[in-house]
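Enquirer: Got a structure here, written out as structure tokens. Questions coming.
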Amino acid sequence: LPLNDFHLYRIPVPPDFLTAKSDKLITISLAFNPQTKSTRQDYLANQLWFEVYRRIDQDSLVKKKSKNILKEDINSLNPNKVKMTPSSRSVNKSTLQQRCWIAGPRAGDSLLWPGVENPYLFVLVTGKEKFSCAENNMPQPYALCVTFESDSKEDIDLYNQLKNQARLKVPVKVREKVSVKVPV
């Protein structure tokens, strides 16, 4: 992730998962390894964190999170944030962050909205530089993990529903043919 920029991930959420009469849990974890001056947390060169949004389309979210938008407009996204525990403020200075959305058997409707057949969440990962060091010119690598858990007695086939909806961007390697003529 280039610092002072963001990555946006669209995470499909199966409707069967949200409507199941069981306890539901979505866990999102972020891990990164920044350069440091010392082993102390206050000396991390970079800081990364993530935010989770619902009931918003990608264009609106990107527009509101872009650098040219006024701070008041960014605050207008607060109704679209997913309430997770612990809060982002309590974990955003850590290099391993884990936050959970927990819903009971009758909950889950907060992630559904009219007009959208396949609900989804947006996970926005962003970061900033805390102090300058030689390695800060390079993007900050990180890992992001999203897990879904349900203790439903019904067979909601959660794994296959998520697998069928996930679209991973696979880098394509371009191969070039080179022919060499050897003089005889």
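Enquirer: Could you order peptides 116-122, 44-50, 15-21, 86-92 by the average number of other Cβ atoms within 10 Å of their residues, highest first?
Expert: Answer by packing, highest mean first, reads 44-50, 15-21, 116-122, 86-92.
Enquirer: Any idea which of VAL123, GLN97, VAL146 is furthest toward the positive side of the dipole for region 82-157, if Lys and Arg beta-carbons carry +1 and Asp and Glu beta-carbons -1?
Expert: Projecting each Cα onto the dipole axis, the largest value belongs to GLN97.
Enquirer: Moving on to the next point. Protein chains only, probe 1.4 Å: how do MET84, MET138 rank by accessible area, largest first?
Expert: Listed by decreasing accessible area, they come as MET138, MET84.
Enquirer: Of LYS81/LYS163; LYS65/LYS153; LYS24/LYS128, which pairs sit farther than 31 Å apart, going by alpha carbon to alpha carbon?
Expert: Pairs exceeding the cut-off: LYS65/LYS153; LYS24/LYS128.
Enquirer: Which net charge results for the neighbourhood of THR19, defined as the other residues with beta-carbon distances under 15 angstrom from its beta-carbon, given Lys and Arg at +1 and Asp and Glu at -1?
Expert: Once all neighbours under 15 Å are counted, the net charge is -4.
The values are calculated or read from the model by the stated rules, or taken from the named source; none is laboratory data. Please read these numbers as outputs of a predicted model, since none were measured by experiment. Positions of Cβ are backbone-derived with ideal geometry, glycine not excepted, and every protein chain shown enters the neighbour counts. Protein only, heavy atoms only, side chains kept; ligands, DNA and RNA dropped before computing areas. Shrake-Rupley method; radii C 1.70, N 1.55, O 1.52, S 1.80 Å.
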